[in-house]
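The values are calculated or read from the model by the stated rules, or taken from the named source; none is laboratory data. Source: prediction; values computed, not measured. Cβ sites come from the backbone with ideal geometry, for glycine too, and all protein chains shown count toward neighbours. With ligands, DNA and RNA removed, areas are computed over all heavy atoms of the protein, side chains included. Shrake-Rupley method; radii C 1.70, N 1.55, O 1.52, S 1.80 Å.
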Amino acid sequence: MVLADLGKRINSAVNNAISNTQDDFTTSVDVMLKGIVTALLESDVNIALVSKLRNNIRSQLLSENRSEKSTTNAQTKKLIQKTVFDELCKLVTCEGSEEKAFVPKKRKTNIIMFVGLQGSGKTTSCTKLAVYYSKRGFKVGLVCADTFRAGAFDQLKQNAIRARIPFYGSYTETDPAKVAEEGINKFKKEKFDIIIVDTSGRHHQEEELFQEMIEISNVIKPNQTIMVLDASIGQAAEQQSKAFKESSDFGAIILTKMDGHARGGGAISAVAATNTPIIFIGTGEHIHDLEKFSPKSFISKLLG
Ligand code: GDP
């Protein structure tokens, strides 16, 4: 189920419960939860997470409504809406993410490394992030450390030129860690604030790819590693992010292709599987289609 439909289904389950508060409250809550649970599962959200959400909502609603004997209909409606909203926010929130958030500092070299499978939207997201920080007054450079795929450097170059972001790459060097190091040294000398390093993705979760990520990371020592995850891959997102986490220990996720037909739920589960926050979402192919991710505004938008 695509995200827009998920929002509609949850809303309709909540609205049904709200208009039936005169009926047996427990029955209304259970019918509502059935609707929400089915919608979340059809959107690929991990079953354990859905079950936790269901139990939390149920126990909170039943205990709070019972303890307030004098609750009015309006209060009950508000309670239902707030409880469902808060639990949905918890689904996409990573504990302690605010304290752990990476904030680049000006007049200091901040190195950001991107990892992710080929086609996930890595190169596009690198450019988008470069544009995002550049608009905020940072001097940003892009480095192509993908020496595996023919055409990778040309793609980054074209994106960078279009976005007016300085770039570095090589047509001849075959060692990605070496290119990354050279690019970083060049931009460091020129006093760049942020250096974004794009890496290879290949097609599958190959052992060699993870080994390459470890080697690059050891050489460039990134201040932040971001995994790019295609939101449209459904349940595979969880496995993919776990595998990358072991090799790259990324600290943040960018979810791409949240426009279009993203099922989204699989990606949401990835947050819980790796306990890593989503920091941005990609909402289109254009360089400005990048939105800062906040659980509350995401869920508000989802529910319309
Ligand atoms: P890479 O192989 O991981 O570097 O992936 P690319 O950056 O080349 O992106 C693969 C495809 O996905 C390209 O056609 C991009 O335009 C497209 N893409 C990337 N991010 C988004 C997004 O947020 N929304 C949409 N609709 N397309 C995207």
Given H placed 1.01 Å from N in the peptide plane, which residues other than close sequence neighbours of V115 have an amide H under 5 Å from its amide H? I226, M227, V228
Past the 19 angstrom mark, what percentage of all C-alpha to C-alpha distances in region 7-150 do you count? 65
For the modelled label position 7 Å from the Cα of R164 along Cα-to-Cβ, which residues of region 93-121 have backbone nitrogen atoms closer than 14 Å? none
The alpha-carbon center of region 1-47 and that of region 113-128 are separated, in whole Å, by 35
In nm, what is the difference between 0.36 nm times the number of residues separating K34 and T174 and their Cα-Cα distance? 45.0 nm
If the limit is 25 Å between Cα atoms, which of K90/K139; K157/K188; K157/K189; K122/K188; K90/K242 go over it? K90/K139
Determine the equivalent ellipsoid of the chain by diagonalising the alpha-carbon gyration tensor, then write out the semi-axes as square roots of 5 times the eigenvalues, largest first, rounded to whole Å. 43, 18, 16
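Which value does Rg/Rh take for region 188-304 over its C-alpha atoms, Rh per Kirkwood?
0.98
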For q values of 0.13, 0.27 Å⁻¹, compute log₁₀ I(q)/I(0) with the Debye formula on a Cα-only model of region 77-160, without solvent. -0.64, -1.32
Specify the inter-centroid distance of region 154-233 and region 265-304, based on alpha-carbon positions, in whole Å. 23
Which order do peptides 159-168, 138-147, 227-236 fall in by mean Cβ count within 10 Å, highest first? 138-147, 227-236, 159-168
Amide H contacts under 5 Å for T256, placed H, 5+ residues apart: L229, D230, A231, G282
In whole percent, and with a 1.4 Å probe on the protein chains, what portion of the accessible area of the chain is carbon and sulfur? 50
What relative contact order, as a whole-number percentage, does the chain give when Cα pairs under 8 Å and 6 or more residues apart are counted? 23
Taking the simple approach of a point 7 Å from Cα along Cα-to-Cβ for both K188 and E285, what is their distance in nm? 3.8
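How large is the accessible surface per residue of the chain, computed with a 1.4 Å probe and reported in Å² as a whole number?
Heavy-atom accessible area per residue stands at 48 Å².
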